[in-house]
Amino acid sequence: MENSLNKKLLVVLLLIGLGAPFVVYPVFLMQLYCFALFACAFNLLLGYTGLLSFGHAAFFGGAAYITGYLVKNAGFTPEMGILAGTLAAAAMGFVFGILTIRRQGIYFAMITLALAQVVYFVALKAPFTGGEDGLQNVPRGKLLGLVNLGRTYHLAGKSLELNLYYFVFAIFCAGFWLLYRTINSPFGQVIKAIRENEPRAVSLGYRVERIKLLAFVISAALSGTAGATKTLVFQLASLTDVSWHTSGDVVLMTLLGGLGTVAGPVMGAFTVVSLQTGLSSIGSWVTVVIGAIFVICVLLFRRGFVGELSRIIKKVFEGDLPSEDSGRIQGRQEGKQAPGPGAASG
Amino acid sequence: MAQWVLETKKLSKEFRGFLAVSQVDIRVQKGCVHALIGPNGAGKTTVFNLLTRFITPSSGAIFFNGVDITKKKPAEVALMGMVRSFQISAVFPNLTPFENVRIALQRPLGTACHFWKPLSSLDTLSDKIMELLEAVGLQQLAHRPTVELAYGRKRALEIATTLALEPEMMLLDEPTQGMGAEDVERITELVRKVAAGRTILMVEHNLKVVASLAERITVLNRGKVLAEGHYEEISRNPSVMEAYMGSENG
Ligand SMILES: Nc1ncnc2c1ncn2[C@@H]1O[C@H](COP(=O)(O)OP(=O)(O)O)[C@@H](O)[C@H]1O
Ligand SMILES: [Mg+2]
């Protein structure tokens, strides 16, 4: 029953997505999709594998530059440009992953940040990135050489970039579906197991480094897809895309919406991007407002708002399940034995 | 080919000048339940970590079925058929017991990296999963979050997960620790049941459990082997009694 409910919900969302550009400014929607895909890709790593990367802007922005350059200067069609950006991000993810995947916790976060800063300086200094200006006026081009993505339709006094909108919407849906499939796959089970108890996964014979590396590469690749798509939407690849602010934003989006939930990062991205856009008149105070909302959310809903919502829905549907007989004692005993991993690390 | 499934030669581990395990020779016979006992801090868990290659020995060698595994990786050792449990309960708490067991069962399928396949590709494992959960009395709780299970049931789940790999040898680190009498009995029976057809090396504090299960016992004290033999021999050994009782009371 829950399954058919989900299917109905999905169809409704799909219809909303198809109709949305007639109601809401399409470029804003496309921006939402790009960041939502970015956050979902990031969540594969943070929420499902348990790895906190502080350098994901390197993949988002790196792909943005590569796609921008290829489309603008090498005559790539938009879909080939995005594909190239995605593959480049995957390759960068592989290199980052090789260098970081053996590290744990804060060291992992710090090294990913350091590597991302290297990418930032390359973007600043390299001859083909446009330095402080970035790559501007990237053409939107023709999809498959046929459909003009730059075309705007004029309806009721509004100009709508419908071709580009449906292209971006399709990319978002495909990326989201791929991540959903990844999470609900044999591989998805194993990364969750690693997140839950890595030494145990090792003791069951899993080569956790390879598996974590694959998760990292998938996450980087789809972050790249998001960044590449963003370049076509704004016709711009800039230093902001590779900066640590962007790395921080995606952490925020994911935590806000709910770590390790499928829809959470989408909601988180929508919230953060809406606030940034809606409050842009107050300048740098946006950061303060978002920071305050973040603090409130963390205090009120530990699981993020989607996590909290799904818990409430579950409760309503299933009734409050009493926990197993000695559930309370169990907490105490585990507290006592908590300092485990030290004994297992070499 | 040696008759020993597991054999260590002068196995030692030093932690920054502190000799936690010193010149340990343990030999475990095929098909045997072998207990490793000793006071707290004797180095039992460290020996387990060495055997399963979670930590690297300072010196000495480890042989599994005559193969030198001293330089192997922990996952490789597991693939060779020696699977351990942990002193702290080693479950995947936010997965269900069903999923916990499935993680172990799916490993031999070699689909760990198949991110494009649906979960239903694992449906063929369902019967086997339920069979294993039934063996440890968890079939009713198969789809509840594991965090909600009582402690004893988590240990049982851990054994079911380990069993799923059909390991030739199981290493159990204090499987009955922190349990009430009823759970202790249940786990004891479970270990007896799963011991059929495989070798078990277990660390255990509860001497009643040791007496009823173990065919051979190695006593460890301050990182060294103090004695080895049958339960009767061990329990008559005065230096064992002294080391064991002395620090048990202290
Ligand atoms: N990773 C480690 N670093 C430093 N000392 C350790 C480490 N692991 C264990 N020890 C020390 O080695 C000794 C043996 O510990 P352990 O093997 O856990 O004992 P047992 O399991 O027999 O109670 C203890 O004194 C402990 O403090
Ligand atoms: Mg111990």
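The values are calculated or read from the model by the stated rules, or taken from the named source; none is laboratory data. What you are looking at is a predicted structure, and each value in this text was computed from that prediction instead of being measured. So basically every Cβ, Gly included, is an ideal-geometry build from the backbone, and we count neighbours across all protein chains shown.
Structure above, values below:
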{"item": "Number of positions in segment A:204-257 that are assigned to a helix (DSSP H, G or I), of a type in the set (Ser, Thr, Tyr) and out of contact with any strand residue (DSSP E or B) (no Cβ under 6 Å at 6 or more places or on another chain)", "result": "8"}
{"item": "Yes/no for residue B:54 being outside the structural domain of residue B:156 (by TED's automatic domain parsing), among the aromatic types (Phe, Trp, Tyr) and not in a loop (DSSP other than H, G, I, E, B)", "result": "no"}
{"item": "Among the candidates B:189, B:182, residue that is in a helix (DSSP H, G or I), more than 13 Å from chain A (Cβ to nearest Cβ) and surrounded by fewer than 20 Cβ atoms within 10 Å (Cβ to Cβ)", "result": "B:189"}
{"item": "Segment A:28-67, residues that are in a helix (DSSP H, G or I), of a type outside the set (A, V, I, L, M, F, W, C) and within 21 Å of residue A:120 (Cβ to Cβ)", "result": "A:61, A:62, A:65, A:67"}
{"item": "Test result for residue A:185, within 11 Å of another protein chain (Cβ to nearest Cβ), polar (S, T, N, Q), surrounded by 24 or more Cβ atoms within 10 Å (Cβ to Cβ) and in contact with a Lys or Arg (Cβ under 9 Å, 6 or more places away or on another chain)", "result": "no"}
{"item": "So residue B:55, is it modelled with pLDDT of 90 or more, within 30 Å of residue B:19 (Cα to Cα) and facing chain A (nearest Cβ under 7 Å)", "result": "yes"}
{"item": "Test for residue B:247: is it in the same structural domain as residue B:17 (by TED's automatic domain parsing), at pLDDT 85 or above and either under 22 Å from residue B:175 (Cα atoms) or outside any helix (DSSP H, G or I) (or both)", "result": "no"}
{"item": "Residue that is farthest from the other protein chains (Cβ to nearest Cβ), among those in segment B:71-83 that are outside any helix (DSSP H, G or I) and buried (at least 21 other Cβ atoms within 10 Å of the Cβ)", "result": "B:82"}
{"item": "Set B:25, B:68: member being free of Cβ contacts under 8 Å to residues at least 12 places away in the same chain, farther than 22 Å from residue B:187 by Cα, more than 14 Å from chain A (Cβ to nearest Cβ) and more than 16 Å from ligand 2 (Cβ to nearest atom)", "result": "B:68"}
{"item": "Candidates B:86, B:115, B:98, B:48, filtered to the one that is away from ligand 2 (no atom under 16 Å from the Cβ), within 14 Å of chain A (Cβ to nearest Cβ), within 25 Å of residue B:189 (Cβ to Cβ) and aromatic (Phe, Trp, Tyr)", "result": "B:98"}
{"item": "Residue pairs meeting the criteria (Cβ under 8 Å; at least 6 apart or on separate chains; first part of a strand (DSSP E or B), in segment B:225-238; second charged (D, E, K, R) and at pLDDT 85 or above)", "result": "B:225/B:25; B:228/B:216; B:229/B:216"}
{"item": "Among the residues listed as B:213, B:157, the single one being outside the structural domain of residue B:59 (by TED's automatic domain parsing), touching a residue at least 40 places away in the same chain (Cβ under 8 Å) and either within 16 Å of ligand 1 (Cβ to nearest atom) or surrounded by 18 or more Cβ atoms within 10 Å (Cβ to Cβ) (or both)", "result": "B:157"}
{"item": "Only one of A:59, A:42, A:94 that is at pLDDT 90 or above and surrounded by fewer than 22 Cβ atoms within 10 Å (Cβ to Cβ)", "result": "A:94"}
{"item": "Residue that is farthest from ligand 2 (Cβ to nearest atom) [pool: residues in segment B:103-112 that are at the interface with chain A (Cβ under 7 Å from one of its Cβ atoms) and in contact (Cβ under 8 Å) with a residue 40 or more places away in the chain]", "result": "B:107"}
{"item": "Residue B:144 being closer than 21 Å to residue B:90 by Cβ, within 8 Å of chain A (Cβ to nearest Cβ) and not hydrophobic (A, V, I, L, M, F, W, C)", "result": "yes"}
{"item": "Residue list for segment B:160-179, filter: among the charged types (D, E, K, R) and part of a loop (DSSP other than H, G, I, E, B)", "result": "B:166, B:168, B:174"}
